[in-house]
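The values are calculated or read from the model by the stated rules, or taken from the named source; none is laboratory data. Predicted, not measured: the structure shown is a model, and the values here were computed from it. In this analysis, Cβ positions are derived from the backbone assuming ideal geometry, glycine residues included, and neighbour counts consider all displayed protein chains.
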Amino acid sequence: MEPRGLVMRNHLQTRDYDLSVEAVREIYCPHQLSLGRRAAGLDTRLCVTGAKDWPVVQLRYGAEVKVDAGDFRDLFLVMRGGSGSARVRQGGVESAWGAGRTVVVSANQSTAFQFDAAFSQTSLRLDRERLESLCSRWLGRPLDDDLRFDLAPFPVHLEATWSALLQLVERGTDALPAPAAASLEEFVLTTLLRGVPHNFSAELERPQGRPPSRLIRRAEEYVNESLAAGQPGDADLSISKMAGHLGVGVRTLEIAFQEWCGMTPSAYLRELRLKRVREFLKKAGEGDSVTDIALANGFFHLGRFARYYRERFGESPSATLMNAQRARRGGCR
């Protein structure tokens, strides 16, 4: 007799209908699963990786299925097709996608899916509160409606970016230092809010007046105070929290930095973090590493960090570390 399911840590393989429904319900939401007319039975494969709060889920049913997900309560899913084809219907709108294409399925709407037998997906489950909170910070005001993304595949130019981000998230952020994990999460959510059309997009892109120069002075004061009070790369040091502290939207802060500094707030914070990394590398002990110092200062993509560092200081971060350690060993002699 075939066992009900083969479970290894966060992996599941089963042909059992009830076990399939229960496993997917625990990750997503209550739903009704029905087999297509030509389906002989399920061959469900489920794998969960990434962080606890926003897991990456790989799922295929191995059969033509329909999923009635009800009102999709408080659940945002970014669903990327790996093979086969699928359809989703929300609020009277229907969309189709397949291999290499991605859609965002929004929370709190009547939702139904149809997957063909070959369909496989890699989905990122997002925290509704964090996503809508960031949208509110971008606008500089509380949201007066649920956030709803357009139900359509990503623009082609966004697919490559999303694929790379998904790989980073899939490695898991629970083991990352808080600054790196926070930076990665904000970057992922911002990529969606700025790259995928939604019901607040027009307001985010609406032209604004020229912000006063004193906003930049207040921003610089806030950043300097945060760095002075915190550990390297204080996790609270982010663009959205800076804007919230100043009582303006992130969009307003972006315009102010472009107008008065000729750079984005992201570039401004990156410059400060690069200088801070360099300071710590020059003081590092024998047991310290470039990776640990970079992650502690909010850099979650080490290849990109190394490129930024070399462009800014004319040497690799590992060269800075080795030279500093060599100089100290020479001084000890």
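Which residues, taken from the stretch 307-323, are hydrophobic (A, V, I, L, M, F, W, C) and surrounded by fewer than 16 Cβ atoms within 10 Å (Cβ to Cβ)?
Passing the criteria: ALA319, MET322.
In the stretch 175-210, how many residues are under 22 Å from VAL277 (Cα atoms) and either surrounded by 15 or more Cβ atoms within 10 Å (Cβ to Cβ) or in contact (Cβ under 8 Å) with a residue 60 or more places away in the chain (or both)? Break it down stepwise before answering.
The first filter runs over the stretch 175-210 and keeps only residues under 22 Å from VAL277 (Cα atoms), leaving 175-187.
Now narrow it down to the ones that are either surrounded by 15 or more Cβ atoms within 10 Å (Cβ to Cβ) or in contact (Cβ under 8 Å) with a residue 60 or more places away in the chain (or both): 176-187.
Residues meeting the conditions: 12.
Go through the stretch 56-68 and count every residue that is over 15 Å from SER123 (Cα atoms), in contact with a Phe, Trp or Tyr (Cβ under 8 Å, 6 or more places away or on another chain) and part of a loop (DSSP other than H, G, I, E, B).
Selection size over the stretch 56-68: 1.
Say whether the condition of being loosely packed, with under 14 Cβ neighbours inside 10 Å and in a strand (DSSP E or B) is met by at least one residue in the stretch 144-154.
No: zero hits.
Among residues belonging to the stretch 25-80 that are hydroxyl-bearing (Ser, Thr, Tyr) and under 27 Å from PRO155 (Cβ atoms), point out the one that is farthest from the chain's Cα centre (by Cα).
Among those residues, the one meeting the criterion is TYR28.
Considering only residues that are in contact with a helix residue (DSSP H, G or I) (Cβ under 9 Å, 6 or more places away or on another chain) and buried (at least 20 other Cβ atoms within 10 Å of the Cβ), look in the stretch 76-105 and name the one that is nearest to ARG15 (Cα to Cα).
At the first step, the residues of the stretch 76-105 found to be in contact with a helix residue (DSSP H, G or I) (Cβ under 9 Å, 6 or more places away or on another chain) are 76, 78, 80, 100-102, 104.
Now narrow it down to the ones that are buried (at least 20 other Cβ atoms within 10 Å of the Cβ): 76, 78, 80, 102, 104.
On the way: PHE76: 27, VAL78: 26, ARG80: 24, THR102: 27, VAL104: 28 Å.
My answer is ARG80.
Determine which single condition TYR17 fails, assuming it passes every other condition in (1) under 14 Å from THR111 (Cα atoms); (2) in contact (Cβ under 8 Å) with a residue 12 or more places away in the chain.
Of (1) under 14 Å from THR111 (Cα atoms); (2) in contact (Cβ under 8 Å) with a residue 12 or more places away in the chain, only one is false for TYR17: (1).
Checking LEU237 against (1) out of contact with any Pro (no Cβ under 8 Å at 6 or more places or on another chain); (2) not assigned by TED's automatic domain parsing to the domain that holds GLY98: exactly one of these is not met. Which one?
In the conditions (1) out of contact with any Pro (no Cβ under 8 Å at 6 or more places or on another chain); (2) not assigned by TED's automatic domain parsing to the domain that holds GLY98, LEU237 misses (1) alone.
Answer yes or no: is there a residue in the stretch 252-261 that is surrounded by fewer than 17 Cβ atoms within 10 Å (Cβ to Cβ), hydroxyl-bearing (Ser, Thr, Tyr) and at negative phi. Lay out the reasoning, then the answer.
Taking the stretch 252-261 first, the residues surrounded by fewer than 17 Cβ atoms within 10 Å (Cβ to Cβ) are 258-259, 261.
Those left that are additionally hydroxyl-bearing (Ser, Thr, Tyr): none.
No: the stretch 252-261 contains no residue that is surrounded by fewer than 17 Cβ atoms within 10 Å (Cβ to Cβ), hydroxyl-bearing (Ser, Thr, Tyr) and at negative phi.
Where residues in the stretch 75-131 are out of contact with any Asp or Glu (no Cβ under 8 Å at 6 or more places or on another chain), among the aliphatic types (A, V, I, L, M) and not in a strand (DSSP E or B), which of them is nearest to THR44 (Cα to Cα)?
By that ranking, first place goes to ALA118.
Suppose we filter ARG276, ARG270, ARG304 for residues that are charged (D, E, K, R) and exposed (fewer than 13 other Cβ atoms within 10 Å of the Cβ); which single one remains?
Unique residue meeting the criteria: ARG304.
HIS157 fails exactly one of the following numbered conditions: (1) in contact with a helix residue (DSSP H, G or I) (Cβ under 8 Å, 6 or more places away or on another chain); (2) closer than 28 Å to SER85 by Cα; (3) part of a helix (DSSP H, G or I); (4) without any contact (Cβ under 8 Å) to a residue 60 or more places away in the chain. What is the number of that condition?
For HIS157, the failing item is (1).
If I go through the stretch 160-170 residue by residue, how many of them are loosely packed, with under 15 Cβ neighbours inside 10 Å and in contact (Cβ under 8 Å) with a residue 60 or more places away in the chain? Explain how you work it out, then say what you get.
First, pick out the residues of the stretch 160-170 that are loosely packed, with under 15 Cβ neighbours inside 10 Å: 160-161, 163-164, 167.
Within this subset, residues satisfying the condition of being in contact (Cβ under 8 Å) with a residue 60 or more places away in the chain are 163.
Summing the residues that are loosely packed, with under 15 Cβ neighbours inside 10 Å and in contact (Cβ under 8 Å) with a residue 60 or more places away in the chain in the stretch 160-170 gives 1.
Kindly provide the set of residues from the stretch 30-54 that are part of a strand (DSSP E or B), at pLDDT 90 or above and not hydrophobic (A, V, I, L, M, F, W, C), ordered by number.
Listed by number, the residues that qualify are GLN32, SER34, THR44, ARG45.
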